[in-house]
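Q: I'd like to ask some things about the structure below.
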Amino acid sequence: MKPFAYHQPDQIPAAAKLLASIDDSKLVAGGMTLIPTLKQRLASPVALVDLSRLGSLKGITDDGATITIGAMTPHAVVASSKLVQTKIPGLAALASMIGDPAVRSRGTIGGSVANNDPAADYPAGVLGLGATVITSTREIAADKFFLGLFETALQPGEIITAIRFPVPLKAGYAKFKAPASRYALVGVFVAKFADGVRVAVTGAGPGVFRVPPMEAALSGNFDASAIAAIKIDNDGLTSDIHAEADYRAHLVTVMAKRAVDAALS
Amino acid sequence: MGNVIGIGAAPKRKEDQRFLTGRGNYVSDIKRPGMTAGVFVRSPHGHAVLRGIDKSAALASPGVIAVLTGDDVADDGLGSLPCGWGISDAKGVPMKEPPFPMLAQDKVRFVGDMVAFVVAETPEQANAGAELLKIDYEVLPSVVGVLEAVRPDAPQLFDDVPNNICCDWELGDKAAVESAFKKAAHVAKLSLVNNRLIGNPMEPRAAIAEYEPGTDRFTLWTTSQFPHVVRFLMGALVLNIPQHKLRVVAPDVGGGFGVKQFHYGEEAVITWAAKRVRRPVKWVASRSEGYVSDRHGRDHVTEAELALDETGKFLAFRVNTLANMGGYLSTFGPNIPTNLYGPLLGGVYTTPAIYCNVKVVFTNTVPVDAYRGAGRPEATFVLERIVDVAASEMGIDRVEIRRRNMIPKEAYPYQTPVLVQYDSGDPVGCLDGALVAADVKNFGVRKAASASKGKFRGLGYSTYVEACGLAPSRFAGRLGARGGLYESATVRVHPTGQVTVMIGTHNHGQGHETTFAQIVSDKLGVAFENVDIVFGDTDRVQFGMGTYGSRSLVVGGAALSKATDKVIVKGKKIAAHLLEASEADIQFEAGKFSVAGTDRIKTFEEIAGAAYVPHNYPLEVLEPGLEEQAYYDPVNFTYPGGCHIAEVEVDPETGTVTLVNYTAVDDVGTVINPMIVEGQLHGGIVQGVGQALFENAVYDEGSGQLLSGSLMDYCMPRADHLPMMKVATHSTLCTHTPMGVKGCGEVGTIGSPAAVINAVVDALSHLGVTHVDMPATPNRIWRLLQNASLPVAAE
Ligand SMILES: Cc1cc2nc3c(=O)[nH]c(=O)nc-3n(C[C@H](O)[C@H](O)[C@H](O)COP(=O)(O)OP(=O)(O)OC[C@H]3O[C@@H](n4cnc5c(N)ncnc54)[C@H](O)[C@@H]3O)c2cc1C
């Protein structure tokens, strides 16, 4: 790890100002993703701006038709939240499947969404539920937020403050864990709303994506059988030492069916 | 006063007091005054010419003290890393043994090959300096697989090793095998890959070296399983340091599994550097560094054929293997796929003729050496797989075909056609025990229950034997060992009757401090808590060959037992004097010396006291003091074995294999501490299951990059991968070790991969699947099912 300056602001504007004024500065939330890259000297920011003193970024609020989760809320808190478990059980389940207990108690929803790892779980939940990413400067719809491999709509200096999730009629997540990393080899989030169904897939490709044919089929009949015959194209899916693209494509259908079953159970 | 806790008891482990309270003392815990930090600069290329290294920027970097390269090694006239075994081909031509420089000279041959060593005031400064080294590589194509490496047009690692073949080794009677195949009613054939593994001990490797100019002595603290061997190999053969001027200490070591039983170049470089910079130098490997520098294991490609008569009796077995050695010969490298492989191909069967050819091949990969089981898991996998293939092709039940061929208990000692003679064993007894313990009778019910959930259930057997307790020195010498393989122990009885044992084995998780203390407590009648075991320091322990090959109890424990016997013999002489009786009339039992048939006794403490305060003592004929030493060289290997039964469930939708039941009934000879034996079996089985289902070291052909170089990509087995295991022993006593012990450190790893894969194949056999390569990952199983082109479970 190379030396860096360390700041712990207690107001969002102060944090934004630090980020803007120091070239090559970086936000740190739970540090679960960032710190290992520093230790391996893959990244060497001159300054870290720690978000942990920003109380307004923590916690989960019930807004009726939506729930809002502060960016600094750790996965373990989301997983065990009675509110999330009651209103969007599929999202609580998703949070409970991330990493291990140590990772879940430090890693945050904001860090995960900002990082947009192609195999991370939250992007599937955020896109599948059609959530809104709230930042220090604006609100971004999930459909416009995730741009590809580790790429998001965030501008330099922009801080995610919270994610607002609409409460669905039903939602479920099914994850096929990569054997070694236990990130999603394929994870599928399915959410049913009054006006239709959304299906979001993580792990299978370079970034989270939706599956319109499955959404259409499930909008007509919200049952696993409705999508059993829908195969997705291998093209553009990831092939690596753990799984080839055709296997990932196959798993998308299997996991989508299981996500529907989870949503119905 | 505590109690005697003897052989067969299961006390809690002595060493766990310090481990569980965070008071272990590992190499990375050690700090020396004035200590500097070193980092190794490693080749990022699988194969390249090293055209030059510009040190100037690195040397100018803040805090950098020294930058050492292969040129400095050559200038100082240092030796190459030695190989401890020299094997030969069928014509007696010795293996090709190219030099293995501690820092690369002229060429690099694998990703991770060491190119330079940077010493600085802090690890950060050493890393920063290392990044400034300018290394000029001319990148060459890499070859990583054995099949590719022996092709005529393959990249050549060494100018004088044609086709990258280090040795074309063979064992057995080729002609006898050929004629048996001609008479066979059936021939089963199998091609398989034994996947490359990376040991991943919890504690990464580390070392600190210090040079004292006042005494001209070096001390090396290192994460080693055999400090005396490091002292010899490094001192005598690499750095030219006289043995009395070199102390090697291996303190608490956090797991080895074989990975830490080699003399590594890092140890030599650090020790050499400590004298050059005149300050202690410390290096601690990162996990990533371990992946590309800890010696790897396994990596075979094999073709096997089994000839059978019409009743399913094995007539002959023929095995052709290509074994990967990596870029250089590591300490035991060439011994593993040859001497520890071929002689095990007889298994527990009466196969009269066996022939084995192994081509030992260099590739642009990390050197391959012993990893828990070392050669025997590979042999067991080939044999136990092909037995299943033969059974299914001939329509004979898999248990029945094994029974028809097993060596009956009465036939021991049993001479195999491949060098080894088994002294004892009862394979049928282990099989029968395991069949009951695994509730095989009701397997059909469980299979039907799985089927009703859309899952395929399978059962797999592995009835196996291994050879361990390494090793009878003379025999090993004939096979190519360049060193001895005995062990030594000193039993020091203190004037107050407590005991300190100095032993040449090394405890890095096996519970030796407990097991060995039980032996002493049992034999001398001394309280368990009054026995301490000292190991891992060449200044404190007389000599030793270390811990590997399930040898610690078998060979080290035997030395300890002999040394303890000598203490009793001397104690009797002292007692005879004190009790005014003839030595022949003195009996020793439960810590008391007595005159036979009388109530005259002297306690062990009284005898110890008399030995050190020799006022009333036969000084004319007996030396004072009570300390005895023994060296023990085994007369044969030991042959533990047993029967493992794995039960798996396959989800055809995703290809996921779940191990649902595991049963092992093993013959490990006398059990000193059943809790420790059970723990060794659990750990061993888990490592074998890891090979069968999860672990795989994958290289990119061409670039030589290790694609599975982190825990994110190399899948280690975890607790939630495993069921509760049923582990039991069915022991016959070893006829030649002092206590009848056989060793239990590796049996789990040796027996389990075949059991698991046989279960997976059984689960899929109705789809025409006849073999599954390891690891049986979901992706691989799914693809097999696709290719099986038969209806998969209902969607
Ligand atoms: C062993 C292990 C296993 C894991 N397994 C999984 C898994 O199964 N599934 C999964 O989804 N993830 C997994 N993760 C990742 C984990 O969820 C991380 O915590 C998460 O990806 C990042 O969150 P963090 O709070 O630690 O962010 P940090 O590491 O602190 O930051 C990550 C990145 O996001 C930026 N950032 C952080 N917060 C904000 C913000 N509020 N606004 C803008 N940018 C921000 C940082 O600058 C940095 O670039 C695993 C991690 C580990 C170490």
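The values are calculated or read from the model by the stated rules, or taken from the named source; none is laboratory data. Since we're looking at a predicted model, the values are computed, not measured. Counting neighbours? That spans all protein chains shown, and the Cβs are built from the backbone with ideal geometry, glycine included. Each accessible area value is taken on the protein alone, full model and side chains, heavy atoms only, with ligands, DNA and RNA left out. Shrake-Rupley method; radii C 1.70, N 1.55, O 1.52, S 1.80 Å.
Q: Do the conditions hold for residue B:774, that is, is it touching a strand residue (DSSP E or B) at 6+ places or on another chain (Cβ under 9 Å) and within 14 Å of another protein chain (Cβ to nearest Cβ)?
A: Yes: the conditions hold for residue B:774.
Q: Would you be able to tell me the number of residues in the stretch B:345-399 that are closer than 17 Å to residue B:87 by Cβ and touching a Ser or Thr at 6+ places or on another chain (Cβ under 6 Å)?
A: So the count comes out to 3.
Q: Just to check your reading of the model, which residue among A:89, A:156, A:168, A:101 is over 12 Å from the mean Cα position of the chain (by Cα) and within 28 Å of residue B:653 (Cα to Cα)?
A: It is A:89.
Q: Here is a further query. Can you tell me which residues in the stretch B:156-185 are closer than 22 Å to residue B:416 by Cα and touching a helix residue (DSSP H, G or I) at 6+ places or on another chain (Cβ under 9 Å)?
A: B:169, B:170, B:171, B:172
Q: Sticking with this structure for a sec: Against the definition (more than 14 Å from every other protein chain (Cβ to nearest Cβ) and over 19 Å from the mean Cα position of the chain (by Cα)), how does residue B:676 come out, yes or no?
A: Answer is no for this residue.
Q: I would also like to ask the following. For residue A:43, indicate whether it is within 10 Å of the ligand (Cβ to nearest atom), buried (at least 19 other Cβ atoms within 10 Å of the Cβ) and not hydroxyl-bearing (Ser, Thr, Tyr).
A: Here the answer is no, as residue A:43 does not meet what is asked.
Q: From the list A:163, A:159, A:140, which residue is in contact (Cβ under 8 Å) with a residue 40 or more places away in the chain, of a type outside the set (Ser, Thr, Tyr) and more than 9 Å from the ligand (Cβ to nearest atom)?
A: Matching residue, one of A:163, A:159, A:140: A:163.
Q: If you don't mind, another one. Is it fair to say residue A:164 is closer than 20 Å to residue A:15 by Cα, of a type in the set (D, E, K, R) and at pLDDT 95 or above?
A: no
Q: Within the stretch A:206-221, is there a residue that is within 14 Å of chain B (Cβ to nearest Cβ), touching a Leu at 6+ places or on another chain (Cβ under 9 Å) and open to solvent by 10 Å² or more (accessible area, probe 1.4 Å)?
A: Within the stretch A:206-221 (the criterion being within 14 Å of chain B (Cβ to nearest Cβ), touching a Leu at 6+ places or on another chain (Cβ under 9 Å) and open to solvent by 10 Å² or more (accessible area, probe 1.4 Å)), the answer is no, since none of the residues qualifies.
Q: Please pick out the residue among B:385, B:372, B:404 that is at pLDDT 95 or above, among the basic types (Lys, Arg) and open to solvent by less than 10 Å² (accessible area, probe 1.4 Å).
A: Matching residue, one of B:385, B:372, B:404: B:385.
Q: State yes or no: is residue A:129 touching a Pro at 6+ places or on another chain (Cβ under 9 Å) and within 15 Å of the ligand (Cβ to nearest atom)?
A: When the stated conditions are applied, residue A:129 does not pass them.
Q: May I ask you to list the residues in the stretch B:718-729 that are without any contact (Cβ under 8 Å) to a residue 24 or more places away in the chain and either within 21 Å of the chain's Cα centre (by Cα) or away from every other protein chain (no Cβ under 14 Å) (or both)?
A: Within the stretch B:718-729, B:718, B:724 meet the criteria.
Q: Still on this model: Would you kindly identify the strands (runs of 3 or more DSSP E) lying entirely within the stretch B:453-503 that contain at least 3 residues that are closer than 30 Å to residue B:649 by Cα?
A: B:456-465
Q: Of these, A:63, A:24, which one is more than 8 Å from the ligand (Cβ to nearest atom) and either within 26 Å of residue A:185 (Cβ to Cβ) or free of Cβ contacts under 8 Å to residues at least 60 places away in the same chain (or both)?
A: Going through A:63, A:24 in turn, just one is more than 8 Å from the ligand (Cβ to nearest atom) and either within 26 Å of residue A:185 (Cβ to Cβ) or free of Cβ contacts under 8 Å to residues at least 60 places away in the same chain (or both): A:24.
Q: Related question: Here are some conditions: (1) touching an Asp or Glu at 6+ places or on another chain (Cβ under 9 Å); (2) farther than 23 Å from residue A:189 by Cα; (3) of a type outside the set (Asp, Glu); (4) within 12 Å of the ligand (Cβ to nearest atom). Residue A:36 meets all but one. Which one does it not meet?
A: Only one criterion is unmet by residue A:36, namely (1).
Q: Consider residue A:167 carefully, then state whether it is open to solvent by 20 Å² or more (accessible area, probe 1.4 Å) and either aliphatic (A, V, I, L, M) or within 13 Å of chain B (Cβ to nearest Cβ) (or both).
A: So residue A:167 fits the description; yes.
Q: Something else about it: Please indicate, with yes or no, whether at least one residue in the stretch A:81-94 is within 11 Å of the ligand (Cβ to nearest atom) and either within 19 Å of residue A:185 (Cα to Cα) or in contact with a Ser or Thr (Cβ under 7 Å, 6 or more places away or on another chain) (or both).
A: yes
Q: Do you know which residues across the stretch B:389-418 are in contact with a strand residue (DSSP E or B) (Cβ under 8 Å, 6 or more places away or on another chain) and part of a helix (DSSP H, G or I)?
A: Answer for the stretch B:389-418, where residues must be in contact with a strand residue (DSSP E or B) (Cβ under 8 Å, 6 or more places away or on another chain) and part of a helix (DSSP H, G or I): B:389, B:390, B:393, B:394, B:398, B:399, B:402, B:405.
Q: Give the residue, chosen from B:696, B:616, B:661, that is assigned to a loop (DSSP other than H, G, I, E, B), open to solvent by 20 Å² or more (accessible area, probe 1.4 Å) and touching a Pro at 6+ places or on another chain (Cβ under 8 Å).
A: B:696
Q: Name the single residue that is surrounded by the fewest Cβ atoms within 10 Å (Cβ to Cβ) among those in the stretch A:114-126 being within 12 Å of residue A:95 (Cβ to Cβ) and within 8 Å of the ligand (Cβ to nearest atom).
A: Taking the candidates together, the pick is A:120.
Q: Under 6 Å by Cβ, and 6 or more places apart or on different chains, what pairs join a residue from the stretch B:704-717 that is more than 10 Å from chain A (Cβ to nearest Cβ) and on the phi > 0 side of the Ramachandran plot with one that is part of a loop (DSSP other than H, G, I, E, B) and among the polar types (S, T, N, Q)?
A: B:704/B:364
Q: Got a number for residues in the stretch B:244-269 being part of a helix (DSSP H, G or I), of a type outside the set (Asp, Glu) and under 27 Å from residue B:705 (Cβ atoms)?
A: 3
Q: Just give me the residues in the stretch A:228-248 being within 11 Å of chain B (Cβ to nearest Cβ), out of contact with any strand residue (DSSP E or B) (no Cβ under 6 Å at 6 or more places or on another chain) and touching a residue at least 24 places away in the same chain (Cβ under 8 Å), in sequence order.
A: Matches in the stretch A:228-248: A:228, A:242.
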